[in-house]
Every structure is written in C-alpha cells, then in structure tokens.
1. Do any trypsin sites (Lys or Arg not before Pro) in region 1-73 lie in a loop, going by DSSP, with at most 13 other beta-carbon atoms within 10 Å of their beta carbon, and if so which?
2. Could you sort out which of LYS41/LYS89; LYS123/LYS274; LYS266/LYS289 sit more than 23 Å apart by Cα distance in this structure?
3. Calculate for the chain the 222 nm mean residue ellipticity that helices alone would give, adding -39,500 (n - 2.57) per DSSP H run of length 4 or more and normalising by residue count, nearest 500 deg cm²/dmol.
4. Over the chain, with every protein chain in place, what whole percent of the accessible area is carbon and sulfur at 1.4 Å, could you tell me?
5. At 1.4 Å probe size, with every protein chain present, just tell me what the per residue accessible area of the chain comes to in Å².
6. So for the pair LYS295, TYR269, with labels modelled 7 Å out along Cα→Cβ, what separation do we get in nm?
7. Rank these by accessible area, largest first, 1.4 Å probe: MET80, MET117, MET14.
8. Once Lys and Arg get +1 and Asp and Glu get -1 on their Cβ, which of ILE268, GLY360, PRO153 lies farthest toward the positive end of the dipole of the chain?
Amino acid sequence: MTATESRPLLDKYMSLDQGERVQVLYVWIDGTGESMRCKTKTVDSEPSSHEELPIWNFDGSSTYQAEGCNSDVYLRPVAMFRDPFRRGKNKIVLCETLNFDHKPGVSNHRLSCIQAMDEPTVKSSKPWFGIEQEYTLLDKDGHPLGWPKGGFPGPQGPYYCAVGTGNVFGRDVVEAHYRACLYAGVKIAGTNAEVMPAQWEYQVGPCEGIDMGDQLWMSRFLLYRVSEDFGYKVSFDPKPIPGDWNGAGAHTNYSTESMRKEGGIKQIYEAIEKLSSRHTYHISMYDPKGGEDNKRRLTGRHETASIHSFSHGVANRGASVRIPRQCAEDGSGYLEDRRPASNCDPYRVTEAIVRTTIMGETD
C-alpha cells in the first residue's frame, strides 16, 4: 500500500476531536550534527511560546549523544512553530540538547552561536542572513529520483529552473514542503529546481541573528517529514553523485545594517577582506566534518571555488564570495558566501561570519 493510498485510513483518526489537550512535537539535532530526531509530548493547553513548554529528555545512547550508563540528555525548547501535519492547535518545537551537567550536548552549536549574536557590537550591527538550501531527492533505493536505474540522465543544462516531464523530478515534494513551511511559520523565501536533475533549492530568510539557524533547521525537519509522506529520501550530501555533476551547497547571504545603507559597498568589501584572512577557519566551520565533506564539492569546477584558496568577484559563481550584480550597481546590499556545504550547521556558519566580520576575531 502506497503512502497516498493509506492517507484516507489515517485521516479517519486525525479528524477525531482531540479535546483541550495539545500534541507538541519536540525536535532536535542528533549526534551526527546532520540528522534530526523527534518525539511527542501531550500538554494540557495550547502554549503561546516555547518558554511555556517544559524541559524534557531522551535516551542519548540511541542517538550518538551519550553513553548507556549515563544516557539521559535534556531537551530545552528554543523556538516554536505551527504543526502542518497534525494542524489545529498542535505545535512543533525546536530544542537544544544539554548533557547531564546542563552543558551543551555534542551537536549543540546553538549556545555558542547565540553568545556571539548577543555581543553588543553584533546586536547593534543587526546582521541579516539568508541561506540557499540545496538538496537532492532520492528514491527508496538511494538512487536520485527520476534517474534511469543503473544509468544516468542527459548531461546538465536543461534542469536548472526547469519545467516539463523529463526535466524535473519531485515537484510534488517541493510544493508540499513550501506550503508546510508557510503554515509552520518558517521564513521560506522561494524555491527552484537546481542544475543537477533531482536536485532542488529553497531559500530561508532574511533572518536576524540566531533566528537564521532556528529557521533553517526547522525547514530541514519539515523537508524530511514531507518526503517521508511521499516515500522519498532527502540527501544533504554536498556531492551526492561523483563526476560531472553539480554538488550541493548552502550559500549564505549576509549583510549588516551599514552594508544595507547607501554607500554600504565599502563595508561589504571590508567584510570580504576579513573573510579572506580566515579562509581556513571558515572552511573548518562550513561542514560537519571540518572541511572533509566540502573537499568533494569545492573543486574549482561546477560553480565552486577551490577549497584551497579564497576568491571573490561581482556576479562570479566560481568565487568563494560573490557580490550580486545588483548590489554592485546600487553600491549597497549584501555578499554571498558560497563556501558552506549543504549539510552545514547554520549556527556554526552564522557564528563564524559575525565573529570574523563584526567581532574582528583573527586566527
């Protein structure tokens, strides 16, 4: 029985009146730093914010986050969203993970990020971020969706922003995810088919400070969950298919208030200069394995710069940092850091950027 055929059976139960009580889905990042986990708690009434929800816990020995002899890991709610799957007054809450001593868990980079975002110089600079999340849809067997079994589709060219059978694969998932994000309250800004067939992109932002990481992680959870309903897999691998195929990134658009004002191009170039001096540090922060995943993607080909050197340019998608053509013409706006991998932790990416460009940290 397919997911579509089973839906009427589930709907019979989901349409039941749930009374005054509310289901809250607790979501967190597991010990891999990439995958996500979730479990549901019943609360007595609809919460108006995440601060009303209790701290909970889970078995960290089953999620690569603790040993069996000391397995309890705390879940602390940090951001709440409407639940597009259960709907009504039910909620989804993104959580931080804390060890038994209440210190950040192995994959909890949010606390370090918020410490940076709360620095007075950072807060007064009003840093805005927008992340372009690329991903690949896979069939149940792990083969890219729509690709010939045991073979390859035609070369890249007709797939980017494409329309039509044979050019796009998985649009139903994309549309469902888009609407789920809008319903939940995720600041999704748009979507498009990408260069490699079965590869897609959506954009989240603009978000200020810590909100960027919260919003992007929730958008990823919703994508996993939507794809589950359709019976497909989602891959955030930065280079899912070796060879002459584009990889997947999480291009990060960034600006401060001074960059957005008239004449802000000067501040944009100053930020680029600071980024160039800490290239190795940023590469180490831009994928979960400290640069090892990005080595497969940042080759200097397929719209990437080399991982070994820093470069920048106006409208140059082969550079480490791109200044959009419109921003160069306007003399203000934002820059695009094209180095973050599709499986990056947005907390680490945004923290690294503000520490380098605003706080002035050096290696």
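1. ARG21
2. Values: LYS41/LYS89 14 Å; LYS123/LYS274 19 Å; LYS266/LYS289 34 Å.
Where the Cα-Cα span goes over 23 Å, the pairs concerned are LYS266/LYS289.
3. Working: 11 runs with 105 residues, N = 363.
Here the helix-only value at 222 nm equals -8500 deg cm²/dmol.
4. Using a 1.4 Å probe with all protein chains present, the chain comes out at 50 percent carbon and sulfur.
5. 45
6. Calculated label separation equals 3.6 nm.
7. MET14, MET80, MET117
8. Going by the Cα projections, it comes out as PRO153.
The values are calculated or read from the model by the stated rules, or taken from the named source; none is laboratory data. The shown structure was predicted, so the numbers you read here are calculated from the model rather than taken from an experiment. Backbone-built Cβ (ideal geometry, glycine too); neighbour counts: all protein chains shown. We work out accessible area using only protein heavy atoms, side chains counted, and drop any ligands, DNA or RNA first. Shrake-Rupley method; radii C 1.70, N 1.55, O 1.52, S 1.80 Å.
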